[in-house]
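The values are calculated or read from the model by the stated rules, or taken from the named source; none is laboratory data. As the structure is a computational prediction, the values presented were derived from the model and not from experiment. Neighbour counts are summed over all protein chains in view; Cβ atoms, including those assigned to glycine, are modelled from backbone coordinates with ideal geometry. Note: areas computed on protein heavy atoms with side chains; ligands, DNA, RNA excluded. Shrake-Rupley method; radii C 1.70, N 1.55, O 1.52, S 1.80 Å.
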Amino acid sequence: MFSGAGPKRPLPLVVAATAAVALGLTGCSVDASTAEPESKSFAYAGSSLKLTTHEVATELVAADRRDIKVTRWFDHAAGSEHLTWTLKGDTLDIDAGCSGIAFCDAKFKVEVPRGIAVIRDGRATDPPGATGPGERRPATP
């Protein structure tokens with residue numbers, strides 16, 4: 001009646017599930033807001049910028065500066081990290097995350113020159129502070 005040992009689970013799945021439970025029981029927690037910030041500045045003379053965030057929490061602000069400043073907070077407890085912040089042409093690509101059995105958290109702050117047009121993840125956006133005191137940005141149709 002009970003001739004087999006039952007359904008067999010693939011070994012990688014069992015190992016992954018066991019590791020995930022073990023990490024969860026050890027109380028691994030990550031919080032980007034408590035991580036040490038890292039900053040990088042990019043020289044930029046363009047009038048518009050395409051920002052790709054890969055769905056990572058990103059604060060975008062306009063500031064009195066001539067370059068673009070990116071600040072990154074990243075915390076991880078497990079997994080392989082992948083961190084990106086590159087400016088190629090008019091596109092700033094930022095990303096931070098983990099792969100594998102991973103616990104990580106990330107956030108960015110991007111400061112752009114006041115008056116620059118920003119396309120964020122495919123959508124036009126006006127960052128806070130986009131205009132100076134007493135200025136008004138023209139409405140976009």
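Filtered by the rule that a residue be assigned to a loop (DSSP other than H, G, I, E, B) and aliphatic (A, V, I, L, M), region 28-50 gives 30, 35, 45.
Name the single residue, out of those in region 32-45 being open to solvent by less than 60 Å² (accessible area, probe 1.4 Å) and at pLDDT below 95, that is nearest to the chain's Cα centre (by Cα). Here the answer is 32.
Residue-wise test of (1) closer than 19 Å to residue 29 by Cα; (2) open to solvent by less than 50 Å² (accessible area, probe 1.4 Å); (3) in contact with a strand residue (DSSP E or B) (Cβ under 8 Å, 6 or more places away or on another chain).
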| position | (1), (2), (3) |
| --- | --- |
| 88 | no, no, no |
| 92 | no, yes, yes |
| 109 | no, no, yes |
| 121 | no, no, yes |
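In region 51-141, counting only strands (runs of 3 or more DSSP E) that sit wholly within it, the ones holding 1 or more residues that are within 17 Å of residue 35 (Cα to Cα) and at pLDDT 95 or above span 57-63, 67-88, 91-113.
Total residues in region 51-74 satisfying the condition of being farther than 18 Å from residue 114 by Cβ, charged (D, E, K, R) and open to solvent by 40 Å² or more (accessible area, probe 1.4 Å): the figure is 1.
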